[in-house]
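Enquirer: Below are the structure tokens for one structure; questions will follow.
No lab work stands behind these numbers, since they all come straight from the coordinates. These figures come from a predicted structure and were not determined experimentally. We place every Cβ from the backbone using ideal geometry, glycine too, and count neighbours over all the protein chains shown.
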Amino acid sequence: MNPIVKSLIILFLVIFIPLNVAAGLIWLERRLLALWQDRYGPNRVGPFGLLQVLADMIKIFFKEDWIPPFADKPVFVIAPAVIMVTVLMSYTVVPWAPGATVADMNIGLLFFLAMSSLGVYSIVLAGWASASKYSLLGGLRASAQMLSYEVFMGLSLMGTVLLAGSFRLSDIVAAQRHMWFVIPQFLGFILFLIAGLAETRRLPFDLPEAESELVAGFHSEYSGMKFGMFFVGEYLGVILISAMITVLFFGGWQGPWLPPIVWFVVKTLFFICLFILLRAALPRPRFDQLMSWGWKIMLPLALLNLLVTGAVVLAARP
Amino acid sequence: MAEATFLDANELVLNMGPQHPATHGVLRVKLRLDGERVLGSECVIGYLHRGVEKIAENRTYAQFAPYTDRMDYVAAVTNGMGYCEAVEKLLGVELPPRAQWTRMILAELQRIASHLLWLGTHALDLGAMTPVFYTFREREEILNIFENYCGARLTTHAFRIGGLQYDLYDEFEADVRKFCDDLPGKIDEYEQLLTTNRIWMERTQGVGVLKPDDAIALGVTGPVLRGSGVQWDVRKAQPYEAYAQVAFDVPIGRHGDTYDRYLVRLQEMRQSVRIIRQCLERLEPGPILGKVGKIIKPPAGTEVYHSIEGPKGELGYFVVSDGTVNPYRVRIRPPSFLNLQALDKMIQGQLVADVVAIIGTIDIVLGEVDR
């Protein structure tokens, strides 16, 4: 096949599939939460309520897209786009299956970290541009949260980089042929899981929106499709973090019998469900507790993990 | 009271409510903030004022009873009970035992229902979204019992001055017994989700501490007062109905923080189950209405203050008669209104996230605050 056509197909699939899966996740999340909370969840529209997603999408497209007169208009419009773009950009480096990557960069992991860090601009700008006090507080919380969690998110991954000897994600997957990195890097996995939760602003870490305190926080003033973009952006983030956990700690596409892409999807789906379960189970910590957790516990642990891994790798080198 | 802001930054005045998911109705709290830290607050109430006390003066004694259901609309049974008892006291009517035991069963069920609603919404305010579905599931059972008893679920108007409006339905005892058997296990379930959850503990322990002296000075009653370690329960201190004949404990807290108030309310639910069980034992067939005339006319110049232990605290009715069919004056002492006074004291120096927790822990119902 013509390599250009092939990469175009992959590109299309990589944009198209996550966007649709993200929409489907809204259904999955509502059904799973309902299951755990002893209720039905959406079950009216289509079989098992599957078309609920479509109905929601149609609704959100036809909603009035209102920009508050007091808002900083250009920034207000850009903010939701930023989150979509940065998350979708991160998808370019994810190795779905052998050879199925948009850009198999030699700095893939760094690119992912950079893009996910850029995503926070969206939240901060949205909170700022809304010119509403609740949004502003949400934006402030977001910046503080991201600052503290970004630091050890990167550090928690350096252990795997040391073990694989490469920042290229396909190399990291290949290096897990004999043993998934979750075993030697269990601490790193836990740290990354927590940082990933904070990165996606999912429930235990949804302080920037905190609907019971800040009335949806940074996206209080958003309506229509702009709100929808934040919403889908969040779910895209969930898929991304789950996919990255799979790639970095659970051997990516590797597994017996089944085709690689199936293994990848199964593993990713497992972590998505774990994210949803956490949302059902946990209350929301307070802003200052979250910060002190990040700086006083997680960061030292990440550094320790890196130190020990480095020592072991050095000692084991022939 | 006000301390300086960090780096002399401008104070941020945040208007929380009347439309806000965490103010449990139409409470408006004006917060003065330094970043997210609360420097001071001012409560604005009255958005739900309907002039219930004034309405009482233009209704007969019996006609006013349904209005009391609309004050604390999540605990209508106890509201109505307090009013009926006050008027009965005024008339000097003795209640038949069956009416007393039934009233106590329904009132304790209502206490559980109110606490369940509180627990669900309080947890939801702190970000735990699952308990609310569990507590509403159990609350539904109670509301079904109410519905079978009197046809209404929320504004029940379950009692009548002098006794009961209706006799109990046939399966009442079985329904209540089944509920009492199920509930303790369900409470264990909530505790599993919250009591030893680290995030829950960090969010509630040491938050909104109310010292016993302050609590007494502010006139706080109910679980909020008992959470501060003051052993005061109207059911024990000034027993009404037949509370003197049942055995139950009054749980109290030690630190007066949000976590203790949470524990106190959970314990109270278990104690209520204990009371209901004892009441069911004593429940025997008999008349349900005492000797009350068709027209209720207490003697002129008599007045009475009667208070009961509502789910949220001491609920008092002061009724004055001028010898006509309408009360001359009805003054209501709603527990939420007085408990809300403690809000400012409790949120000083806390964060915005704590304000939500503290409003939740006081367990206010605005229908009762504003009347």
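Enquirer: Going down the table (A:K296/B:K345; B:K178/B:K291; B:K89/B:K297; A:K73/B:K30; B:K312/B:K345; A:K6/A:K59), which pairs top 24 Å between alpha carbons?
Expert: Table pairs above 24 Å Cα-Cα are A:K296/B:K345; B:K178/B:K291; A:K73/B:K30; A:K6/A:K59.
Enquirer: If the chain between B:N58 and B:A247 were fully stretched, how many nm would it gain, using 0.36 nm times the residue separation less the Cα-Cα distance?
Expert: Extra length from B:N58 to B:A247 when fully extended: 64.0 nm.
Enquirer: Under the rule of -39500 (n - 2.57) per DSSP H run of 4 or more residues, summed and divided by the residues of chain B, what mean residue ellipticity at 222 nm is obtained, to the nearest 500 deg cm²/dmol?
Expert: -14500 deg cm²/dmol
Enquirer: In terms of Cα to Cα distance under 18 Å, which aspartates and glutamates are near enough to A:K133, apart from those fewer than 8 places away along the same chain?
Expert: Those aspartates and glutamates meeting the cut-off are A:D72, A:D206, A:E209, A:E211, A:E213, A:E221, B:E11, B:D34, B:E36, B:E42, B:D354.
Enquirer: Label points 7 Å out from Cα along the Cβ direction at A:L147 and B:E11: separation in nm?
Expert: 2.6
Enquirer: Right, something else. Using a Förster distance of 56 Å, how high is the FRET efficiency between B:R137 and A:L8, based on the Cβ-Cβ distance and rounded to 0.05?
Expert: 0.60
Enquirer: Each label point is 7 Å from the Cα along the Cα-to-Cβ direction; what then is the distance between the points at B:A237 and B:R198, in nm?
Expert: Output for this residue pair reads 4.0 nm.
Enquirer: Now for a separate question. Taking R0 as 35 Å, what's the FRET efficiency between B:K297 and B:R277 from their Cβ-Cβ distance, rounded to 0.05?
Expert: 0.35
Enquirer: Could you work out how far apart the two model spin labels at B:A174 and A:V262 are, taking each label as a point 7 Å from the Cα in the direction of the beta carbon, and quote it in nm?
Expert: Reported label-point gap for B:A174 and A:V262 is 5.2 nm.
Enquirer: Could I ask something else about it? If one takes the longest principal axis of the Cα atoms in chain B, at what angle in degrees, from 0 to 90 and to the nearest 10, does the Cα axis of helix B:131-150 lie?
Expert: 20
Enquirer: For A:E64 and A:F186 in the same chain, what is the full-extension length gain: residue separation times 0.36 nm, less their Cα-Cα distance, in nm?
Expert: Net length gain for the segment: 39.2 nm.
Enquirer: Another question, if that's okay. Within 11 Å, Cβ to Cβ, of B:V207, how many net charges do the neighbouring residues add up to if Lys/Arg are +1 and Asp/Glu are -1?
Expert: Net charge around B:V207: -1.
Enquirer: Calculate for chain A the 222 nm mean residue ellipticity that helices alone would give, adding -39,500 (n - 2.57) per DSSP H run of length 4 or more and normalising by residue count, nearest 500 deg cm²/dmol.
Expert: It lands at -23000 deg cm²/dmol.
Enquirer: How large is the charge dipole for segment A:65-316, taken about the Cα centre, if only the Cβ atoms of Lys, Arg (+1) and Asp, Glu (-1) carry charge, to the nearest 20 debye?
Expert: Value, rounded to 20: 300 debye.
Enquirer: What angle, in degrees between 0 and 90 and rounded to the nearest 10, separates the Cα long axis of helix A:186-200 from the longest principal axis of the Cα atoms of chain A?
Expert: The helix A:186-200 is inclined about 20 degrees to chain A.
Enquirer: Roughly how big is segment B:45-158's charge dipole about its Cα centre, with Cβ charges of +1 (Lys, Arg) and -1 (Asp, Glu), in debye to the nearest 20?
Expert: For segment B:45-158, the charge dipole is close to 160 debye.
Enquirer: Can you tell me the length gained on complete extension of the stretch A:A281 to A:I15, counting 0.36 nm per residue apart and subtracting the Cα distance?
Expert: Net length gain for the segment: 92.6 nm.
Enquirer: Place a point 7 Å from the Cα of B:Q19 along the Cα-to-Cβ direction; which residues of segment B:32-74 have their backbone N under 19 Å from it?
Expert: B:44-49
Enquirer: Assigning unit charges at the beta carbon (Lys, Arg +1; Asp, Glu -1) and nothing else, what dipole magnitude in debye, to the nearest 20, does the protein assembly as shown show about its Cα centre?
Expert: Dipole magnitude for the protein assembly as shown comes out near 700 debye.
Enquirer: Lys and Arg at +1, Asp and Glu at -1: add these up for the other residues within a Cβ distance under 10 Å of B:V246 and post the number.
Expert: Every neighbour counted, the sum reads +1.
Enquirer: Just to confirm my numbers, what's the Cα centroid distance between segment A:201-257 and segment B:336-371 in Å?
Expert: Centre-to-centre distance over Cα atoms comes out at 33 Å.
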